[in-house]
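First up is the structure itself, then whatever we jot down about it.
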Amino acid sequence: RPPEDEEEVVEVGWQEKLFSQFEVDLYLNESACQTPLDWQYREEIQKLEKLGGRKNCRIFTYTDHDRFTNLEELCQKVTDLDHEVPSYLVERMANVRRRRQDRRPVEASSLKTKIITWEPSEEFIKNNHIINTPVQTMYIMGDLGPYGKLGHKEYENVLCTIKVDGNGVITVKPDFTGSKGAYRIELDGDKREVWEYTIENASAQVKPEEEEREQRVLRDLYGRHRDYLSGLVGSDFEMPLPGTLRLFMNGEIVSAQGYEYDNLYVHFFLELPNQWSSSPFQQLSGVTQTCATKKVGWENVAYFCYPFTVDLFYTQEDEDSLPQWPVLYFEVLSLDFWQRYRVEGYGSLVLPASPGVHMLTIPTWRPVELGTVAEMRRFFIGGSPELEDLTYIRVPSTFKGKHLSRFGFRTATTGSVTFRLCCLQQSKAFLEKSALRQHMQSVLDRLGGFSQQSSVYNVLEAFQRARRRMQEARESLPQDLINTSASTV
C-alpha cells in the first residue's frame, strides 16, 4: 500500500501539456532538442524550474503534437495476439496518419476535365483509400515507477485516451468513473503493485442562460440552412389543375429469371388509356441492356437494374366513371453470339393504384407451334412466333367487339420479370379531402388517391360477370318456362 503522499489529484484541460520527470530530464539536455517543438518544451520547462518546478508528480500528458502520439497510432495492433504478423493492408495503412490529413478541395472545373486519374501516385492512393476524418488525440499518462525512481519509460502507463474528430464527437476511453468503482492497474514485478485511479468530468456545468443562447444560435443556423436549401429548390411548387391527378413513378426492371436462353434484354412500352396524357418529351418506351445470366439456386437470373421514369396526368371528365390505369407491356428476348434473337416471353403490368413502393414479379408466356420443326428452327436459326401487336397480351387496342376469342392460340409458360415501382400521386383533391370530408364531389375524391381502386375494380368486374351469366342463362331458357314462372309469381 503506497504512503499517503503518493495520492495525487490533477485537473487536466484539453490539450494541456503536463511534463513528466523523463521529459524534464530529456529537454533540459540541450543536445536532445532537435525539432522546434523540443526547443519550445525546453523553454517551458526552464520557466517552470524558475517558478519552483512542476506541480504534478506522477500524472502527466501527451498532446496531439507529441512524438508519443504518432508512435502510439503507428504501432497499434489489429489483434491481441502476441506474435501478430501484420497483413499487407496493415503495412500499407501504417504509414498513413489518419489525423490532420490535408486534402485540397476539388474544384468543379477540374471534375469536367479530369474525372479519372489514369496514373495515380502512391500518395494519392493512400489518401483516397482511408477514412479521412481529422482527429485530435490526447493521452493522460501515469508514471507508476517505484517511490523515488520516477522518469523511467518502462513505468509509463496510459490512464485515459481522449479523441475529438472533425464532426465534434468526443471519445473518452475508458469512460468517466461515475458510480462505478475505480480502475485498477496491476504492475509486473516482485511487489505486484496495484494502482487505482478514477476519472471525473471537471468541466463546469452550462448555465441555463448560456444553454438557451446556444440553442438560439443553433436555431438561427438551421433556419439559415433551410432558407438556403429552399432558395436552391425554389418556392414555386407545381400543382395540377382541379380534377387532375398527377402520377409520377420511378421504376426499375430488377431482374428476369427462369428463361431458356442466355443474354436477355427487355423491350417495354407504356399504353395510356383515354383521359391520360404525358408531356411531349416523356419517353413511354425503352430497351434494357443485354445481360448475361448467373446461376442462383435452381434458376438462371439476369440482373438488369434498369431505371426508368414516368410522369403522367389524368384529367377527369365524367364524375361517375372509374379511370382506367396505364398498362406496361413488355417482351423478353435473347441474343446469342451469332446474333440470333429469340422471343422468350410476353407480359403486362397494370401500374399500381396506390402510392408507395411495390415489388412485382410478373410471369410471362410465349406463342408456340405444334411439332418439332418449329423448335428445331428456334434452336438452330433463331426466331420464333411473335406478336405483331404487343397489346394482344391483354385486350388489343384495335378490338371494338364485345367478345374476344383466343381459341386455338397455343402458348407456353416461360420465366418471370421482377419490377420495383415507386409511385407518387399528386392532386388538389387530396387537399380538399380533409375540408370536404362529409361531401365528396367526384370519384376522384371518393377514392382518395385510388388506394382502394383495385378492390373496387374487382367488385365491379365480378358484378358484371355475374350479370352477364344471369342474362345468358335467362336467354337460354325456354320461353314458355319463363312465362309460366312469371305467372306463378
As an exercise: evaluate residue 202 against (1) modelled with pLDDT of 90 or more; (2) assigned to a loop (DSSP other than H, G, I, E, B); (3) open to solvent by 60 Å² or more (accessible area, probe 1.4 Å) and give the number of the one condition it does not meet. (1)
Filter region 14-53 for residues that are open to solvent by 50 Å² or more (accessible area, probe 1.4 Å) and among the charged types (D, E, K, R); which is nearest to residue 203 (Cα to Cα)? 16
For residue 162, state whether it is surrounded by 13 or more Cβ atoms within 10 Å (Cβ to Cβ) and either on the phi > 0 side of the Ramachandran plot or of a type in the set (A, V, I, L, M) (or both). yes
Tell me which of these residue 274 doesn't satisfy, since it passes every other one: (1) under 30 Å from residue 379 (Cβ atoms); (2) open to solvent by 90 Å² or more (accessible area, probe 1.4 Å). (1)
Matching option when the condition is assigned by the TED database to the domain that holds residue 136, at pLDDT 85 or above and closer than 30 Å to residue 15 by Cβ, among 174, 208: 174
Can you give me the number of residues within region 149-173 that are hydrophobic (A, V, I, L, M, F, W, C), in a loop (DSSP other than H, G, I, E, B) and in contact (Cβ under 8 Å) with a residue 40 or more places away in the chain? 1
Out of all the residues in region 313-359, which are crowded, with 20+ Cβ neighbours inside 10 Å and touching a Cys at 6+ places or on another chain (Cβ under 7 Å)? 352
Looking only at region 174-199, which residues are in contact (Cβ under 8 Å) with a residue 40 or more places away in the chain and not in a loop (DSSP other than H, G, I, E, B)? 185, 195, 197
Could you list all residues from region 256-288 that are among the polar types (S, T, N, Q) and under 18 Å from residue 343 (Cβ atoms)? 257, 263, 285, 288
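The values are calculated or read from the model by the stated rules, or taken from the named source; none is laboratory data. Every value quoted in this text rests on a predicted model; they were computed, and no experiment measured them. Reconstructed Cβ throughout: ideal geometry from the backbone, glycine too, with neighbour counts over all protein chains shown. These area figures cover heavy atoms from the full protein model, side chains too; ligands, DNA and RNA do not enter into them. Shrake-Rupley method; radii C 1.70, N 1.55, O 1.52, S 1.80 Å.
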